[in-house]
Amino acid sequence: MVAVKPEATGVGLNNTVRKTSTFSLTHSERQVLIAILCVLLVVRILAMFWYPFVDSTEARYAEIARKMVETGDWITPQFDYGVPFWGKPPLHTWMSALGMKIFGVGHFGARFFFLIASLGLLWLCYVWVRRVRGADQALVAMAVIATAGLFYGASAFVVTDMAMVLGTTMSMAGFYVCLTDRSAHRLWGYLFFVGLAVGLLAKGPVAVVLTGIPIFLWIVVGNRWRQLFRLPWITGLLVTALIALPWYLVAEAKTPGFLNYFIVGEHYKRFLETAWQGDLYGSAHARPKGMIWAYGTFTFLPWSFFVLALMLRSKQVLDVLRKDQAGWYSYLFFWSLSPLILFTPAANILPAYVLPGIPAAAILLVAVWSNVFGPPGRMTRLWGSLSMISVAVIVLGLATVAFFLPNTLNVKSERELVLRALEASPDIAITYWADRSYSAEFYAQGRVSYLMDPDGLRALNTNNVRDALAVSSQDIPNLRDQLEAGFVDVGRFGRRHLFIEPSPQ
């Protein structure tokens, strides 16, 4: 955190928010903060190039997008050639596929529009907080969002969550401004509905639920039901439908059964059934109920320590919250808790599920901190700067090691193995024993087959094609006879050994 002055919030006529913040930074503090953000951006771009696609999540989504580019089918994402992927709507696939269409098939193209989405989210938060709390507090809040561990990692990661969080943030910012500021342009109201459409195309109805939980609680606690009429409901819902509904209808018409699997399976059974067996594309992520709270604490690092410091001054925090006439703190509080509330009873969760609450948690932390602690001393400024820099150092370190010393980290990526196989022959046939690897499929441009039958290994020796075989270390003893009959062990690459047929004389 950086030097600030305590702030106050006022409410004018018609419950319109007016800025009375005295939060301010010195010129040098602004320069330092902007410099740190620039360094963070450079590090994140380097990591986009250097860090490989890792099995299974990012590699799977990147490979689905690569297939979209290859096949030209922009309606139905494909889990395998000709096999539709019904697990998620296509916005993240479109983003990754469009990036590879523009920049070529590779790390940067696949991740580019996710970086753009995260930057757009940060800009939106800056504009929103600047409107309500002033430019300096907006800058600090943006920096805290950007350096929250999970957000920084996901900011250029091929996955569904960042696209959805952009949508939920659009909705939450637009809703608050539209309801609390009569001078605001009607575009803020429409931003709410466009955000709903983005969320529906990114991850489905769960985005609407994550938006609805904090809004409902905020409306009930503040008795703000009449203010709801300020939203352009009829035209707004029409905008949402025009953006999101066409793809759902076309997808169901093209691959019947999609809506049943996606709505019932992915949103009901996955949520409530710990041992759900209907997952067509992977396995359920069973965790103890309530684990989402531990994920929330861990993924908000390093700023979780600052939250702990506030908790030690709970009396002052409560005094600040009691003066919250405009509902600013309660709005951010309910928003930050929304994913934790939703997924507490869930039977299958991942750490990324807390991501929709991180923007609100960061903005709330900055706002409350400035009131409770006032202008911080040198140690607070030091630890705030070190917290931001530490995130960049960790990510840069991991990306550097993954690029220059790939076998050191033993990451779940088949990049080095596939590249080594292709060095032996560009036309080599690559086969994986037993387990599927999406990263191998991506780096081999889809030219990967799979075997589970030992007799199939013998057939590779007589197929008149030079073959490469990837086998995990634990399976080698059971296959030693077949492997020694026609393959040479080139070496170990991460989790697997690469065996290649000798070059024909």
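The values are calculated or read from the model by the stated rules, or taken from the named source; none is laboratory data. Just so it is clear, the model here is predicted, and its values are computed rather than measured. Positions of Cβ are backbone-derived with ideal geometry, glycine not excepted, and every protein chain shown enters the neighbour counts. What goes into the accessible areas is simple: the full protein's heavy atoms, side chains included, and nothing from ligands, DNA or RNA. Shrake-Rupley method; radii C 1.70, N 1.55, O 1.52, S 1.80 Å.
Take the conditions (1) open to solvent by less than 30 Å² (accessible area, probe 1.4 Å); (2) part of a loop (DSSP other than H, G, I, E, B); (3) small (G, A, S); S503 misses just one of them, which is (1).
When the criteria are applied in full, V69 meets the requirement of being at pLDDT 95 or above and over 19 Å from the mean Cα position of the chain (by Cα). Restricted to the range 178-200, and to residues there that are of a type in the set (A, V, I, L, M) and modelled with pLDDT under 95, the residue that is farthest from the chain's Cα centre (by Cα) is A184. Of all the criteria given as (1) in contact with a Lys or Arg (Cβ under 8 Å, 6 or more places away or on another chain); (2) farther than 30 Å from L259 by Cβ, the one not satisfied by K88 is (2).
For the range 306-326, give me each residue that is part of a helix (DSSP H, G or I) and surrounded by fewer than 12 Cβ atoms within 10 Å (Cβ to Cβ). Scanning the range 306-326 gives L308, M311, S314, K315, L318, R322. Residue-level check: of (1) assigned to a strand (DSSP E or B); (2) closer than 29 Å to L398 by Cβ, Y450 misses just (2). Of all residues in the range 196-222, those satisfying the criterion of being of a type in the set (G, A, S) and in a helix (DSSP H, G or I) are A197, G199, A202, A207, G212, G222. One residue stands out among those in the range 1-51 that are closer than 17 Å to A326 by Cα and among the small types (G, A, S): the one that is modelled with the highest pLDDT, which is S21. Counting only residues that are surrounded by 15 or more Cβ atoms within 10 Å (Cβ to Cβ) and modelled with pLDDT of 85 or more, the range 451-471 holds 7 of them. Restricting attention to the range 405-423, the residues that are in a helix (DSSP H, G or I), touching a residue at least 60 places away in the same chain (Cβ under 8 Å), surrounded by fewer than 17 Cβ atoms within 10 Å (Cβ to Cβ) and not basic (K, R) total 1.
Scanning the range 327-353 for residues being open to solvent by 10 Å² or more (accessible area, probe 1.4 Å) and within 23 Å of the chain's Cα centre (by Cα) gives a total of 14. For the range 101-142, the set of residues classified as open to solvent by less than 20 Å² (accessible area, probe 1.4 Å) and among the hydroxyl-bearing types (S, T, Y) consists of S118 only. For the range 78-86, the criterion of a residue being open to solvent by 30 Å² or more (accessible area, probe 1.4 Å), aliphatic (A, V, I, L, M) and modelled with pLDDT of 95 or more is satisfied by no position.
For the range 381-395, a residue qualifies if it is open to solvent by 60 Å² or more (accessible area, probe 1.4 Å) and modelled with pLDDT of 80 or more, and the qualifying residues are L386, I389, V393, I394. Could you please let me know if F193 is assigned to a helix (DSSP H, G or I), aromatic (F, W, Y) and closer than 29 Å to A65 by Cβ? Yes; evaluated as a whole, the condition is true for this residue.
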